[in-house]
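For reference, the structure discussed in these notes is given below.
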Amino acid sequence: MTVPSPAAIHAALRALPRFAETTEDALSVLERKGLAHAHFRVRGGRAIVRVPLSAYGSLDPAQSLAREAECFTRAQASDATPRLLGILPVGGDLPFGALVVDDIPGAAPRLPGELPSMANALAAIHKLKLPPPEQRDPIETPADPIGDVVAAIDANLKLADRANLDPKVKLAFGHEIAWARDFAQTNAKKVAGLTRALCVVDAHPGNFVAAPGARAYAVDLEKCIYGLPGLDVVHAIILPSTSWDPDCAATLDSGQIDGFFRLWASKVGDPIARETAALLRPFRRLVWLRTTSVFLRFKVEGQHKALDPRPAEHAQRAIDAALDPATVAAQRKAWS
């Protein structure tokens, strides 16, 4: 969809008492590096306006905005996410509304040096007290979180015939989805008993801001669920998710990955750390397949082309690399 104009954002923003005196020239459009939102900085107001470009799942725009606001409200108790400062309602020139959140001073994390800050941030979110089931709406608690991941992978891989993939890659994906289905079925009872936590879901490094004082903040929260924190922690460190953002793209070695997990585990504590350690290898394999299958969908449907030129060019290179036969073979070798 078309990104709302600064004038539309300004008109809605001034309805909030905190921003009533904000002038339109105080708004600046940030480079679009993600698919779900456009972002405006409020200079002098220490705030970011997050403008959804579509609704979440099957929700209508107002429900979707309320859900996203709840994600920020619940996560901010971790002190590892921006605070929610205000809501710009759905309507008129804002068909999906917008949220106003803290502008965290900092930049995309430099990898591997700022991995510890990311590990601390994820652990702080995962340690938040789990609400009783009747208080979790509108944030979902998937009944079968691994089955849901496998279903998403399956849907993405159905596009393989349209992607002009190397035959070796298509064959590899066939083997991998067969493994994933078997893993989900074989471990359904074990997974059902795993500890749930508030999860970021889209935990790639570009969705963090590294701030002064060796702090990091998870800033993209609209996909939060009460899920399995182990899937978050592997998503933060696995290819190709670490390749997505042009400002912090990196390939981590096994020592850096292991160090990230150990620090996160020491901070989040048991039972989450113990449960995740027991499933770390299959979780890494599953999240690699999920992320790579999303890149396959991008290749076919071209959503990344809506990004601004620099991130769009980088995304194309990352997609091509993720689907390269040598890359797929190297990743699969890690699971053998």
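The values are calculated or read from the model by the stated rules, or taken from the named source; none is laboratory data. None of the values given here were measured: they were computed from a predicted structure. Please note: Cβ atoms are built from the backbone with ideal geometry, for glycine as well, and neighbour counts cover all protein chains shown.
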Could you please find all residues in region 79-94 being within 25 Å of F208 (Cβ to Cβ), over 17 Å from the mean Cα position of the chain (by Cα) and buried (at least 19 other Cβ atoms within 10 Å of the Cβ)? L84, L85, L88
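Listed here are the residues, each with its yes/no results for (1) more than 21 Å from L231 (Cα to Cα); (2) under 19 Å from the mean Cα position of the chain (by Cα).
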site	(1), (2)
L99	yes, yes
D102	yes, yes
E114	no, yes
A143	no, no
V149	no, yes
N156	no, yes
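Filter region 274-286 for residues that are buried (at least 22 other Cβ atoms within 10 Å of the Cβ) and either without any contact (Cβ under 8 Å) to a residue 60 or more places away in the chain or in a loop (DSSP other than H, G, I, E, B) (or both) and give the result. Before the answer, list the steps.
Here is the first cut: in region 274-286, the ones buried (at least 22 other Cβ atoms within 10 Å of the Cβ) are 276, 283-284, 286.
Hits for region 274-286 are T276, F283, R284.
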Top-ranked residue in region 320-336 [being assigned to a helix (DSSP H, G or I) and touching a residue at least 60 places away in the same chain (Cβ under 8 Å); ranked as nearest to the chain's Cα centre (by Cα)]: A322
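Just for region 135-157: of the residues that are charged (D, E, K, R) and out of contact with any strand residue (DSSP E or B) (no Cβ under 8 Å at 6 or more places or on another chain), which one is surrounded by the most Cβ atoms within 10 Å (Cβ to Cβ)?
First pass over region 135-157, keeping only residues charged (D, E, K, R): 136-137, 140, 144, 148, 154.
Checking the rest, the ones that are also out of contact with any strand residue (DSSP E or B) (no Cβ under 8 Å at 6 or more places or on another chain) come to 137, 144, 148, 154.
On the way: D137: 11, D144: 13, D148: 15, D154: 13.
Per the criteria, the residue is D148.
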Output for region 35-55, where each listed residue is modelled with pLDDT of 95 or more and crowded, with 18+ Cβ neighbours inside 10 Å: H37, A38, H39, F40, V42, A47, I48, V49, R50, V51, P52, A55
Matching residues in region 287-326 (farther than 17 Å from N156 by Cβ and surrounded by fewer than 19 Cβ atoms within 10 Å (Cβ to Cβ)) number 13
Please work out which one of (1) surrounded by fewer than 18 Cβ atoms within 10 Å (Cβ to Cβ); (2) more than 29 Å from K158 (Cα to Cα); (3) not charged (D, E, K, R) is the condition Y217 fails and give its number. (1)
Can you say whether L59 is part of a strand (DSSP E or B) and within 21 Å of L198 (Cβ to Cβ), as far as the supplied structure shows? no
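Residues checked against (1) over 30 Å from L13 (Cβ atoms); (2) in contact with a Gly (Cβ under 6 Å, 6 or more places away or on another chain); (3) without any contact (Cβ under 8 Å) to a residue 40 or more places away in the chain:
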{"residue": "V101", "(1), (2), (3)": "no, no, no"}
{"residue": "N120", "(1), (2), (3)": "yes, no, no"}
{"residue": "H126", "(1), (2), (3)": "yes, no, no"}
{"residue": "L165", "(1), (2), (3)": "yes, no, no"}
{"residue": "A178", "(1), (2), (3)": "yes, no, yes"}
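Only one of D220, D245 is out of contact with any Lys or Arg (no Cβ under 7 Å at 6 or more places or on another chain), of a type outside the set (G, A, S) and in the same structural domain as L289 (by TED's automatic domain parsing); which? Show your work before the answer.
Details: D245 fails: out of contact with any Lys or Arg (no Cβ under 7 Å at 6 or more places or on another chain).
Only one candidate passes the filter, namely D220.
Evaluate the following for L263: is it assigned by TED's automatic domain parsing to the domain that holds N164, out of contact with any His (no Cβ under 9 Å at 6 or more places or on another chain), touching a residue at least 40 places away in the same chain (Cβ under 8 Å) and not in a helix (DSSP H, G or I)? Give the steps one after another, and end with the answer.
On the way: assigned by TED's automatic domain parsing to the domain that holds N164: yes; out of contact with any His (no Cβ under 9 Å at 6 or more places or on another chain): yes; touching a residue at least 40 places away in the same chain (Cβ under 8 Å): yes; not in a helix (DSSP H, G or I): no.
Considered against the rule, which asks whether it is assigned by TED's automatic domain parsing to the domain that holds N164, out of contact with any His (no Cβ under 9 Å at 6 or more places or on another chain), touching a residue at least 40 places away in the same chain (Cβ under 8 Å) and not in a helix (DSSP H, G or I), L263 comes out as no.
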